[in-house]
Every structure is written in C-alpha cells, then in structure tokens.
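Visitor: What follows is a structure written as structure tokens; I'll ask about it next.
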Amino acid sequence: MDWRCGGWRALPSRIQMSYDHERIEAKWQEVWEKHRTFNVTKDESRPKFYNLCMYPYPSGALHQGHVRNYTFGDLLTRYKTMQGYNVLSPMGWDSFGLPAENAAIQTGAHPKTNTEAQIETMKTQIKQLGSMYDWDRELASHDPDFYRWDQWLFLELYAHGLAYKAESLVNWCPRDQTVLANEQVVDGGCERCGTPVERRKLAQWYFKITDFADRLLESIDDLTEWPERVKTMQRNWIGRSEGALFTIDVDGGGSFDVFTTRPDTIFGMTFCVLAPEHPLVETLISGSETEDEARRYIAEAGRTSDVERMAEGGKTGVFTGAYAINPVNERRVPIYIADYVLMGYGTGAIMAVPGQDQRDWDFATKFGLDIIRTVEPPADFDGEAYLGEGKTINSEFLDRLDRDGAVRKTIEWLEEKGIGEGTVQYRVRDWLISRQRYWGSPIPMVDCDECGLVPVPRDQLPVLLPHVEDYAPKGRSPLAAVEEFVNTDCPECDGPARRETDTMDTFVDSSWYYFRFADPANDDAIFDPSQPAYWMPVDQYIGGIEHAVLHLLYARFITKFLYDRGLSTVEEPFARLFTQGMITLGGAKMSKSKGNVVDPVEQFRSHGADALRLYHLFMGPPTDDAVWNDAGIDGTRRFLERVWKLGTAEHEFSDRGPAERDAEIIGLAHRTVRKVTEDVEGFRFNTAVPALMILANELGDYVTGSPRREAFDEAFDRLLLLMAPMAPHIAHELWEVRGHGRLLAMEAWPTWDEDLAREETVTMIVQVNGKVRDRIDVSADISADEAERMALESEKIKAWLDGDQVQRVIARPPNLVNVVKG
RNA sequence: GCCGGAGUGGCGGAACUGGUAGACGCAGGGGACUUAAAAUCCUCUUCCCGCAAGGGAGUGCAGGUUCGAGUCCUGCCUCCGGCACCA
C-alpha cells in the first residue's frame, strides 16, 4: 500500500496544517527571540562553549557563503546547547574598511549611513535563516565604543615598543590609493582589487609582529585542532631560516653584513650582491667608472614592480667597481648590484656562491664570473648549481666535512673571529597598519614640532573620526584636509601640533574583536579580564580559508600580546578552527560581478530556511568547495515534506503486542542517533543528513503496516531531536504539534542504547577466490566455524568450487567468508 | 621549483581499523493516481554481453603487497590551493 496516500488520513481539523514554512519560520524566530534561549551570561555551573563565525563585512545582502557559514555555526550552537553547554554565540560587523567606503562612493551615501542601513538589512536576513545569536553582545567596528579600544590597543602596543613609525619601501595600491601590508599583496597585486602594487618609500606605522615570529611559529604545533593546510600556510608565511650573519669588508674601506643559510659554502663565494636600495650602494658607486650605468639601473629597479622584475626572466645587474674580501681566505671578489637580491629580506646583501645556488649560478654565467664547487656532487651529476648533500671540497679547514659539520665549524670560526654568528631569519615582516583612507579607526598619535610623536592620552580616547563629505581617495588620508581635526594641542607641551591622519587597517579590528564579545558593553576598559578568562579561548571558530594567513596570524599575534600584558589567560585565541569551502556556480565563486548569485532571501520564500540549511549541510563535505545545484534544494524540501506528513498525519496504530519490526525501527532510530552524533562531532554533516533521510523513509514504510504507537513515538521523537539543530523551525513546530510541552531547543540531545542499536542479522558475503559468489543472511553473533560451515554448504559456492580442492578459508564473521581454491 | 590536497556513475557525493564499490540526493526511463497536467507515490537506473538466468569489466594510468586493494607501497599523469629570485 502507498503509505503516503493511503496509510493515514488527514483529519478535517488539520487540513490547514500543510507544511507552511513561512508561517512556521516566522513563528519560531519570534519565539526564540522572546525566550532569549541564546542570550548567555557567565555560569560556572555549566561547561562553556564559545562558538564563533568570523564576523562579516556588512555588504547588505546575505549570500550563500554566509548561509553556509552560519548554518554550520548555528548547528553547533544548538547542538552544544542541547548537550548542556553554556554556549556563547555572538555576532558583529566588520564595518570599517575599503569595501564600505567604496560602496559609499558608488551610491553617493556617506559610509556611516550606508553601513548602518546595510547592517540592519543583513541582520534581518540572518534572523530569517533562523541562526541564533546573543544580540545583546552585538558590536560593530565603526562604532566609537568599539574603535576607541582599537586606539587603546594601539597605545598599549606603542607603550611597549611594538608600534612604531618608519620610512621604508612599501606596497602601494594605485587604485585604492593606499598602502598595503605584505599579507595583503597577492601575486604582486592588491588583495582586494587585483591592481598590481607599486613600491613607494613612505613613512608608515607598523606593529612589530616580527618580535613574535618564533612564538607564533612554535605554538602552531599546539594547534592540534586546526587544519594542517592552514598551519602549513602560516609556517611558510613566517618562513624561518637558520644560518649565519657575518660582516664582509670592502676593499678600501667600509663593510656590509650578509645572511646565508649555507655558511658551509663560504669558500665558494666568488662575488657579492647588494640590493639596489642597499644604503652602501651610494658610497660604492660614487666616482666609480660604472657610476652612470649603476644609477640608471637603480632608478629603473625603483620603477618596476616585483612582478615585472620576475617576469623579465634572466638576471640583471651592474658591477659597482668595488671589491669585497672573503674573510675565510682573503679572496678579493667583485661587488654587484642586482635586483634579485631584495632589500626587505635578511640584510639586503648576499655572498654569492654560484656552485651551490642556482640564482647565483645564473648570474655568474651571465656576467662571466668564477664558479667554485665546495660541495662534491655525485659522479653522475650533470646539473648546474648543486644543492644536495655531499662532502665539502676546495674549502681548506672545512674539507671532507658533511654539511652539518661544515655549517657548525664555519659559524664557530666566524664567532671566534668576532665577525659573525649563527642566527635565524624570518620571512615575515612587520605588519603595516596605517592606511590613507577615511573609513577606519584614526591612529591616536599627535605630531608636535617640539616633542615629536606623542601618543594621545588614554582619557582622551576615542579620537573620533570626523564627519567628512569628501572622502574620495586622493593618495593621502581625507582626514588631512579637515583643519579642525588635524590641528590640535600637544598633550605634552600644549603647543600647536598636528594629528596623525592615517587610519588603521581593519585587520586591527578583527585581531581582538572576539575578546570584546566576552564583555561588549564595558565603558571603562577594553574588557574586564575576568570575562574572557571564562569564555576564551573560542572553542570553535568557523570561516573562510582566505583568512588562513591574514586575520588568523594577526589575531594570534595580538592574543599573545594580550597574554603578555596579563589581559588574556590564553596564548592562542582559537582552539578549534574550521575552514569551509566556497560555493561555486558555473565554475566560479558566486559573486555579483560574475552574475552567478543565487539569492538566499528568495529561497527563504520559495523553499524555506530549513530546506536551504539542510541543502548546505547535505551538498558535500563542509571543507570542500561545493557546486550549487538549483535542483538540490528541491530534494531537501521534499524530505521535509515527508517528515511533516509523518508528524501531522493520523496514523492507524495497532494495539497488537511488540513484534520484530518494532524492534527494527527502534534499532534504526538508535543507530541514527549514534551516526548523527558521531558525524556532527566530526563535522561530517553531509553524511548526517542522509542518515536522517533513511530513518524518515523507513518510518514511512513502518506506518503503513500496522505500526505500534510506542515504537513510532520513540523513533520519530528521536528524529525530531536530531533535526533540531539542522532544520530547527520545522522540528520545533512538529515537537509542539505532537504535544511536547518544552521548547525543543531546551531538550537534551538524544542518547542511544547500544543493545537496541545492535543489528540482529547481517548479510554475510561469501567469496570464492576473492569474488563475491553468494550472500547469506546470518545472525550477527555467528562464530567463525559456523560462518565457514554455512559458506561451504551453500549450493552456489559448491557449484563454483566444482569439486576442486579448498586450500584455505578466511572467515571474518559476520561480514565475510572467502574460500580460496587451488 | 618547493610544500599541501584531490582524481569514484549523467551530476553532487557515500564506503568504519584493507572485507558487498556507488549510501543519500539530483537528473533520467517506465508505471500508478488524474479528464489532463502539476504534485505525490511505486519501480528501474556504473559500463559491456545476454530474452533471461547469469557472466565479465570497473574507483586517473602502470606495476606491486595481500586470500582480498577505492583504501597500503613504488613510479607516472592530471587538476586545485599555498609559497616562490627569501639568500
């Protein structure tokens, strides 16, 4: 019989009770908000769980990436709440920054007006998704109550020598008209707009993240619940290299320092190279015969971007006319200027060893310089520079040593002579945080002719961002044009002074906002340390992989700083990190500019938030990119319709005694609880949803054939409990319809009984020589001997054996028996 | 170049510590219901041979280990991501 049509009959009073998702979703969103289920305070009696999704930039329109993110996050909030945790799930807005400012420039509305309108729209949409937050803790980075503490943090870093202003070569985005941090340059272009960056020499503000490089690197090992991929990216970014730093004298006076990871090859140095921007260059070339050529080369190098330099292919450079003395053997070698040596790494100068370095080899062959091998390559080696292991040669006191031995001995020698030492270099640079843009937190510094740079006293915070009508980018901060902002009194001497007009990188905001969520309304301090002492670390952090280095590195740095200041009890902010994949359509990430956006708000109307949430959970492994398929959401909607009918139909229950099929459906329900619990713990939502579907489908069959009410109730209620974090609206409605008094969200997460979950019979497969030849239903606790006997008695197996000798029987009860014949 | 990750039906994807490859869903074929359509339901759906019973092949390619390999090992190919003239 067709259970969905004939196995039940709808009562007249329930005719209006079709699955009306719009009514149900609006109803429960209101209930949850009124009930304040997800508003929390410190509660030492329960274990805490801080669950956080990376706070969004308020674009004004929820997109599928947000939906995916918040669906995962909300699932966990609800799941952990049902498990009895005190769950902190806050939401806020990354509302400062270029996107907000650029959007405002396009619409003509002021960034503040625009941003605040967009926050309201997005908040409504997030609520429509049914995703629950403690809105009492809402914060927005453009709010003076928030950015005041950005400024406080800046001053705290400044006071401890970790914020400084310095002039150096920086990355400049000509389109956004501002400088960028190294982390914000991707493939030589601006992280936001892709425009190739230019190099400019400018005075800018930095946070001294390099002081924390070793700690940031070392504690990556403690992040056991972080994806390996992200940890690798951070390790690469920090880029630790062990080697030696030593001084090389210039023949005729002067000297420069070089860093090398291969001090063992020092006897192979046949020339030296300085970066074009190296401070010694000017001295070396003035008056030399190659002076004009060198000046042209330096000027050219200054104009071209890093991308262009590398695209050129081949090495370029100019002889300075000067010579250096190799300290180990007094050999006189030429000093070149070449742009393959970067001023920003190491000392901006190298000892060139073409025998063991391919870049130096390329340069040496192009300029006809000597090549000396100091590591013996294998006999069959036919390459150019040899980078492998080998015996040291042509190196006097290092000869015949292996690499490690030669490295150690060279460093000893340098240290004895007092000209060098073993050292460690990091690739990571200090974090450039000043921006020449309007929509950000003003840097709380004052420049006084008498006193120099003076920090704004903390009781004068916040330095309010003035209202400006003309905030279009001009290459310097729009604040510089606001006289009443710029002109101020020096906090030290009361004389006339000028305010710093650059604003802070928005990654400063996001580097500590998760602390503020623990104590969001504090007017007296960035937060009361007792609050994060309870809530931190974030137990689960969820967001996109694009922040693998940027935000996640900065946040780790600031947390370590706060830890050192005694403000944080944890040294790492995020205990468990989950990075979700993107949603693609037509082979590209969904974006407005590509015109491949599927608007979630439309789907709230057409399919409902629950169907959309389930589809996001179902569509594939949460970590992987997922291809959007319009028809996919039809499938999860159909599933919900079936559950709805199961929950609202009047089933014809039987008053017969318990039978095997009752035990089967209850067993399946218990197995489903086990499966879903394990899958949720392991972030395998894509396999948890099918488990629910199987249970619902089986329940559908069950109710058509004289079901017992007790068995149905036990199984179906478990289904609703399992669905509560995934499709919360429909689950709550059905829970109520079925007469349960308590709010489903407050019920305990279901448990399972292993005895009930155990399957009575299983299908044992019987193989002959590894090929499946028969299937036999057997008791789950069958013995190996019994399994073997049944297999050999099978008619099909006898036919396959065809009288041949049985060599061996492998029995793996209850699943498999393999009969091996000769 | 270096470091990660991944290749499974028409599609998204399942497959515990090596043990029924293709769960679940989508799409498609056939059927029921309907005046009809939609919706819903039933059923089939990896490929090849066969009327069928059944057989054979099959998880990027080539080998290997094993009673047995999507899973382990070796060597390739392809794709994706990160880093990259970092001394």
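Visitor: Along the Cα→Cβ direction, 7 angstrom out, place labels at A:D781 and A:A631. What is the inter-label distance in nm?
Guide: About 4.7 nm, to one decimal.
Visitor: Using all alpha carbons of region A:240-426, what is the percent of pairwise distances in each 10 Å bin, ordered from the shortest bin to the longest?
Guide: Percent of pairs per bin, in order: 9, 37, 37, 15, 2.
Visitor: What is region A:152-240 by shape, rounded, prolate or oblate, if you read a ≥ b ≥ c off the alpha carbon gyration tensor as root eigenvalues and call it rounded for a/c under 1.5, prolate for a/b larger than b/c, and oblate otherwise?
Guide: Oblate, because a/c is 1.5 or more while a/b does not exceed b/c.
Visitor: Let me ask something else. Considering only DSSP beta bridges with both partners in chain A, what is the antiparallel share in %, to the nearest 5?
Guide: Percentage antiparallel, nearest 5: 75.
Visitor: Another question about this same structure. Could you give the C-alpha radius of gyration of region A:630-757 expressed as a fraction of 2.2 N^0.38 Å, taking N as the number of residues it contains?
Guide: 1.02
Visitor: Just report the Cα centroid separation between region A:652-724 and region A:138-213, whole Å.
Guide: For region A:652-724 versus region A:138-213, the Cα centre distance is 55 Å.
Visitor: As I understand it, the dipole of chain A uses +1 on the Cβ of Lys and Arg and -1 on the Cβ of Asp and Glu, about the Cα centre. Which of A:A696, A:A588, A:H467 lies farthest toward its positive end?
Guide: It is A:A696, whose Cα lies furthest towards the positive end.
Visitor: While we're here: Suppose every Lys and Arg Cβ carries +1 and every Asp and Glu Cβ carries -1, with no other charges. What dipole size does region A:240-426 come out with about its Cα centre, to the nearest 20 debye?
Guide: 60 debye
Visitor: Take the alpha-carbon positions of chain A, form their convex hull, and give its projected area averaged over all directions (one quarter of the hull surface) in nm².
Guide: The orientation-averaged projected area of the Cα hull of chain A comes to 48.3 nm².
Visitor: Can you tell me the order of A:264-276, A:542-554 when each peptide is scored by its average per-residue count of other Cβ atoms within 10 angstrom, highest first?
Guide: Packing proxy ranking, top to bottom: A:264-276, A:542-554.
Visitor: Please work out the FRET efficiency for the pair A:N487 and A:H467, using the Cβ-Cβ distance as r and a Förster radius of 22 Å; give the result to the nearest 0.05.
Guide: 0.85
Visitor: How would you classify region A:761-821 from its alpha-carbon gyration tensor, with a ≥ b ≥ c the square roots of the eigenvalues: rounded for a/c under 1.5, else prolate if a/b is greater than b/c, otherwise oblate?
Guide: Prolate, because a/c is 1.5 or more and a/b exceeds b/c.
Visitor: Along the Cα-to-C-beta direction of A:K771, a point sits 7 Å from the Cα; which residues of region A:781-822 have their amide N less than 16 Å from that point?
Guide: Residues passing the 16 Å test: A:796-804, A:818-822.
Visitor: Let me ask something else. Long-range amide H contacts for A:K821: which residues qualify at under 5 Å (H placed 1.01 Å from N, peptide plane, sequence gap of 5 or more or a different chain)?
Guide: Correct list: A:N769, A:Q807.
Visitor: Separate question: Report, in cubic angstrom per residue, the convex hull volume of the C-alpha atoms of region A:501-587.
Guide: Considering the Cα atoms of region A:501-587, their hull volume per residue is 140 Å³.
Visitor: Which one, A:P196, A:L217, A:L756, projects farthest toward the positive side of the charge dipole computed for chain A from Cβ point charges (K/R +1, D/E -1)?
Guide: Most positive-ward Cα: A:L756.
Visitor: Between A:L342 and A:S18, what is the spin-label point distance in nm, taking each point 7 Å from the Cα along the Cα→C-beta axis?
Guide: 6.3 nm
Visitor: Rounded to the nearest 0.05, what FRET efficiency do A:V186 and A:Q106 have when you use their Cβ-Cβ distance and R0 = 22 Å?
Guide: So the FRET efficiency works out to roughly 0.40.
Visitor: Using 1/(1 + (r/R0)^6) with R0 = 41 angstrom and r between the beta carbons of A:D701 and A:N39, what's the FRET efficiency to the nearest 0.05?
Guide: With a Förster radius of 41 Å, E is 0.45.
Visitor: From the protein chains alone at 1.4 Å, what is the descending order of accessible area for A:T210, A:T124, largest first?
Guide: Solvent-accessible surface, decreasing: A:T124, A:T210.
Visitor: While we're on this one: With all protein chains present and a 1.4 Å probe, how do A:C493, A:C53 order by accessible area, largest first?
Guide: A:C493, A:C53
Visitor: Still on this structure, please answer the following. For A:R758, A:R613, write out the residues from largest to smallest accessible area, computed with a 1.4 angstrom probe and no ligands counted.
Guide: Ranking A:R758, A:R613 by accessible area, largest first, yields A:R758, A:R613.
Visitor: With charges only on Cβ, +1 for K and R and -1 for D and E, what is the dipole size of region A:452-589 about its Cα centre, in debye, rounded to 20?
Guide: Charge dipole of region A:452-589: 680 debye, to the nearest 20.
Visitor: Give me the dipole magnitude in Debye, nearest 20, for chain A about the Cα centre, with unit charges on the beta carbon: positive for Lys and Arg, negative for Asp and Glu.
Guide: Dipole of chain A, to the nearest 20 debye: 1980 debye.
Visitor: Region A:13-62: which trypsin sites (Lys or Arg not before Pro) are DSSP loop and have at most 12 other beta-carbon atoms within 10 angstrom?
Guide: Of the trypsin sites (Lys or Arg not before Pro), the ones in loops of region A:13-62 whose Cβ has at most 12 other Cβ atoms within 10 Å are A:R36.
Visitor: What residues qualify as long-range amide H neighbours of A:G321, i.e. H under 5 Å apart, gap of 5 or more or another chain, H built at 1.01 Å from N?
Guide: For A:G321, whose amide H was placed from the backbone, the distant partners under 5 Å are A:I335.
Visitor: Now for a different question. Please give the calculated 222 nm ellipticity per residue for chain A, where each DSSP H segment of at least 4 residues contributes -39500 (n - 2.57) and the sum is spread over every residue; nearest 500 deg cm²/dmol?
Guide: Helices in chain A give a 222 nm mean residue ellipticity of -11000 deg cm²/dmol.
Visitor: Please calculate the 1.4 Å probe accessible area of A:H66, with all protein chains present, and give it to the nearest 10 Å².
Guide: Approximately 20 Å² for this residue.
The values are calculated or read from the model by the stated rules, or taken from the named source; none is laboratory data. Everything quoted here is computed from the prediction, not taken from an experiment. Neighbour counts run over all protein chains shown; Cβ positions are idealised from the backbone, glycine included. Just the protein is used for accessible areas: all its heavy atoms, side chains included, with ligands, DNA and RNA removed. Shrake-Rupley method; radii C 1.70, N 1.55, O 1.52, S 1.80 Å.
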